[in-house]
Amino acid sequence: MDTPAPRVADEELEALPEEASEFDRSMSQTLSRGLQVLEVLADAGEPMTAQQIARRLGLSRPVVYRLLRTLAAHRLLSTDAGAGLYDLGLGLLNLSRRVQKDLRQAAFPALKRLAHDLDATAVLGLRDGDEVVYALSVEAEFARATVRSREGARRPLDSSTSGLALRMSRPAQPGDDPELIAARERGYAARTTTIAGYPATALAAPIPSEAGPTDACVTVLFPNVIDDVEVRGPRVAEVARSIADLVRI
């Protein structure tokens, strides 16, 4: 007598979105979908309904409701039951703090060498909404003049050199400005800026992320305008890549 085939949960039978049709069967399909829910909300930047999420992922609402309840139970989502809206939850902060701690520890030796080699101040920047937060700052030990950069300082994402570096990792768009296009071609961002009222130079490069656009960058601040950007810029990009090799983000 033939052995009956094992039953499979309905959600496992439902087709994935087209781009994920070649799903690796060694992976958990349900976990992958849960992570996709978080990615959709992160990209949207605002609360969404279950129907909107289901439409975005190409899944049925019952499947999405199960995912949402599971994620909310682990505090990875916050819910507004009255409005039927879901958003990223505070539980993600605990995960991100651990990643930031590991990233800071891994970045410190590299930033210290970079600051010494370039006779400048090297900074680890992390995106926080529409700002870049300086999570770690290392000054060249024996430099005659350095830029003091306070850890915890914030810079606008849209108008800072660090923000430009983070924007470099986003997919190219038809309306990208010439400065962003040039930075992508070079592999690093470079600007003449003003620090404490004096002309100065800032160089920055994104720390690559396996997940796509990154939220971390390396920025080097010089107390003066330098004339060898094309020499020092690639060094900043090299260090950013080396940090990515140490901590997968």
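The order of HIS116, HIS74, going from fewest to most other C-beta atoms within 10 Å of their C-beta, is HIS74, HIS116. Our summary gives the stretch 92-246 a relative contact order of 22 percent, counting only alpha carbon pairs under 8 angstrom and 6 or more residues apart.
Only the coordinates and a few stated rules stand behind these numbers; no lab work does. Since this is a predicted model, take the numbers as computed values, not measurements. Heads up, the Cβs are rebuilt from the backbone with ideal geometry, glycines too, and the neighbour counts pull from every protein chain shown.
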